[in-house]
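Participant: The structure under discussion is supplied below as C-alpha cells; questions concerning it will follow.
The values are calculated or read from the model by the stated rules, or taken from the named source; none is laboratory data. Values in this document were obtained by computation on a predicted structure and should not be read as measured data. Cβ placement follows ideal geometry from the backbone for every residue including glycine, while neighbour counts extend to all protein chains displayed.
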Protein chains: 2
Amino acid sequence: MASTEIDALSQALARLPGLGPRSARRAVLHLLKKREGALIPLLRALESVNERLATCSVCGNVDTRDPCSICSDPRRDDRSIAVVEDVADLWALERSRLFPGRFHVLGGRLSALDGVRPEDLTIDRLVTRISQGGVDEVVLAMNATLEGQTTAHYIADRLENFPIRLTQLAHGLPVGGELDYLDDGTLAQALRARRPVS
Amino acid sequence: MASTEIDALSQALARLPGLGPRSARRAVLHLLKKREGALIPLLRALESVNERLATCSVCGNVDTRDPCSICSDPRRDDRSIAVVEDVADLWALERSRLFPGRFHVLGGRLSALDGVRPEDLTIDRLVTRISQGGVDEVVLAMNATLEGQTTAHYIADRLENFPIRLTQLAHGLPVGGELDYLDDGTLAQALRARRPVS
C-alpha cells in the first residue's frame, strides 16, 4: 500500500474491535489528511493515557489515577458497593448515572469451561473490603448469563455472614420490549418477579 | 465515564470514520486492557507516522518519505502516469497490483457546487510533469461520477497537444453484476462500449 510505517499504523488500528482492514485503511487516510485535527489529538490522548494508565488498587477499575476517580470522589456513597464482572460493566452503570456508590470489578466471571476459579477473580479482596465495615449494601450486578449468575451465587455465599443487604439487578422486560418477541427465559423471570401495581 | 484523559482518547477515536461513540468506547477498553499488545503498538505507529508524514512533492501521495515510495521505486514504469482524484484512489489501484506506472494525485475533483476550480487541484503540476517528456500514456482514473468525469474531460483538454496516449478506466458491468439489478447508466455505458467476442 504505502510505506511500512503507514502499514504498521493500519494494522494497529485494524486490531481494534469494530475496525476491519478496510475501515482501518479509511481511518489511516483520515489521520494522514487531518494531521492537526485528528492525528495529533489521537496521538496526545494515547500518550497521556499510556503514561498514567493504572488499575485502581481498591476497586479494580482502569483509570489514569490510583485510587480511581470513582474511589476518590468524596461525593459518592461509601455504604453501597456494586460488584461487576468487568470494567465495561462499570462504565455502563456509570453512564446510567443512577448508582451513587462505589464499585468492585471482579475481572471476569466464574467459568468451569474457561477454567476461571474464584481465586482468579478479586473475590477475596471484595470480602476484605466488606469485612473492614462501613458497607450496608452490596449490589451483585453480574450479567444475566449462566456464568454471571453462578458468580453472583458464589459471592452471595461468601458474604452470607456479613451484616449487609445483598441485592441484585432486576431481571425482566427490557424497556420497549414486546412480549411476543421476548425469549422465554426473560418472560419467565418477569412473571416470577411480578409486582403489585402501585 | 472515567478520567478526562480516557474521555479524550475515546473522543479522538470516535472522530475516526467508521467508529461511533459506542465502538470508540469498546476500542478504548480494549486498549486499556491490552496495553502491551494494542495500546503501545498503536502509539508507536502513530508517533512514527506523525514524525515522518510528508506529501510527495512529485505526485501528491501521502507517505513517510518524499518523493514517496512509489515515485522513488526504480522498478516502476516512468512512461505511464495514472491521474487519480485522491490518495484513497491511488491506494485502491495499488491494491489491484495491476498498474506498473507512476501516479498523480489531483487532491479532489472539479466541482461548481463546492467551488473547486482547476487552480485548486494539482492540474498545473501534472501539465508540467508531462511537458518534461518521457511519458507515453496518461490514464485518467477518475471516479465514474459526474464531477469525476468533468474533471477527466478538463484534463483531457489541457493535455490535448502533448504526444501522449490518453486513456480512461473502462465503464461497464462490475464483476458479478446482474443486468436486472444494474442502474440504467451503467447498462447504457456497457452497451455503448460493447466489444467483439474474442
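Participant: Would you call B:Asp89 modelled with pLDDT under 95, assigned to a helix (DSSP H, G or I) and farther than 30 Å from A:Val62 by Cβ? Working first, answer last.
Facilitator: Details: modelled with pLDDT under 95: yes; assigned to a helix (DSSP H, G or I): yes; farther than 30 Å from A:Val62 by Cβ: yes.
Yes, satisfied.
Participant: Restricting attention to the range A:74-87, which residues are within 24 Å of A:Leu169 (Cα to Cα), more than 10 Å from every other protein chain (Cβ to nearest Cβ) and not β-branched (Val, Ile, Thr)?
Facilitator: Keep residues of the range A:74-87 that are within 24 Å of A:Leu169 (Cα to Cα), which gives A:75-87.
Keeping just the survivors that are more than 10 Å from every other protein chain (Cβ to nearest Cβ) gives A:75-85.
Answer for the range A:74-87, where residues must be within 24 Å of A:Leu169 (Cα to Cα), more than 10 Å from every other protein chain (Cβ to nearest Cβ) and not β-branched (Val, Ile, Thr): A:Arg75, A:Arg76, A:Asp77, A:Asp78, A:Arg79, A:Ser80, A:Ala82, A:Glu85.
Participant: Another question, then. If you scan the range B:142-168, which residues turn out to be within 16 Å of B:Thr186 (Cβ to Cβ) and not hydrophobic (A, V, I, L, M, F, W, C)?
Facilitator: B:Asn143, B:Thr145, B:Gly148, B:Gln149, B:Gln168, listed by residue number.
Participant: Inspect the range A:75-82 for any residue being under 23 Å from the mean Cα position of the chain (by Cα), touching a residue at least 60 places away in the same chain (Cβ under 8 Å) and closer than 26 Å to A:Asn143 by Cα and give the result as yes or no. Talk me through it step by step, then tell me what you get.
Facilitator: Let us first name the residues in the range A:75-82 that are under 23 Å from the mean Cα position of the chain (by Cα), namely A:75-82.
Cutting the leftovers down to touching a residue at least 60 places away in the same chain (Cβ under 8 Å) gives us none.
Checked the range A:75-82: no residue is under 23 Å from the mean Cα position of the chain (by Cα), touching a residue at least 60 places away in the same chain (Cβ under 8 Å) and closer than 26 Å to A:Asn143 by Cα.
Participant: Answer with yes or no whether A:Ile70 is more than 15 Å from B:Ala27 (Cβ to Cβ), touching a strand residue (DSSP E or B) at 6+ places or on another chain (Cβ under 7 Å) and not hydroxyl-bearing (Ser, Thr, Tyr). It would help to see each step written out before you state the result.
Facilitator: Numbers: more than 15 Å from B:Ala27 (Cβ to Cβ): yes; touching a strand residue (DSSP E or B) at 6+ places or on another chain (Cβ under 7 Å): yes; not hydroxyl-bearing (Ser, Thr, Tyr): yes.
When the stated conditions are applied, A:Ile70 passes them.
Participant: Among (1) among the hydrophobic types (A, V, I, L, M, F, W, C); (2) over 18 Å from B:Ala14 (Cβ atoms); (3) surrounded by 21 or more Cβ atoms within 10 Å (Cβ to Cβ), there is one condition A:Leu13 misses while meeting the rest; what is its number?
Facilitator: Every listed condition holds for A:Leu13 apart from (2).
Participant: Filter the range B:10-37 down to residues that are within 28 Å of the chain's Cα centre (by Cα) and of a type in the set (A, V, I, L, M, F, W, C) and give me whichever is farthest from the other protein chains (Cβ to nearest Cβ).
Facilitator: B:Ala14
Participant: Do the conditions hold for A:Asp124, that is, is it assigned by TED's automatic domain parsing to the domain that holds A:Leu93 and surrounded by 10 or more Cβ atoms within 10 Å (Cβ to Cβ)? Let's see the steps before the verdict.
Facilitator: Details: assigned by TED's automatic domain parsing to the domain that holds A:Leu93: yes; surrounded by 10 or more Cβ atoms within 10 Å (Cβ to Cβ): yes.
Judged against the criteria, A:Asp124 is a match.
Participant: Within the range A:38-60, track down each residue that is surrounded by 16 or more Cβ atoms within 10 Å (Cβ to Cβ), at the interface with chain B (Cβ under 7 Å from one of its Cβ atoms) and touching a residue at least 12 places away in the same chain (Cβ under 8 Å).
Facilitator: Residues satisfying the conditions are A:Ser48, A:Val49.
Participant: Go through the range A:86-120 and give me each residue that's surrounded by 15 or more Cβ atoms within 10 Å (Cβ to Cβ) and in contact with a Phe, Trp or Tyr (Cβ under 8 Å, 6 or more places away or on another chain).
Facilitator: Across the range A:86-120, the qualifying residues are A:Leu90, A:Leu93, A:Leu110.
Participant: Under 6 Å between Cβ atoms, at least 6 apart or on separate chains: pull out the pairs that start in the range A:21-37 with a residue that is over 14 Å from B:Val62 (Cβ atoms) and end on any residue that is assigned to a helix (DSSP H, G or I) and of a type in the set (S, T, N, Q).
Facilitator: Taking only residues 6 or more apart or on different chains, the pairs are A:Ala24/A:Ser10.
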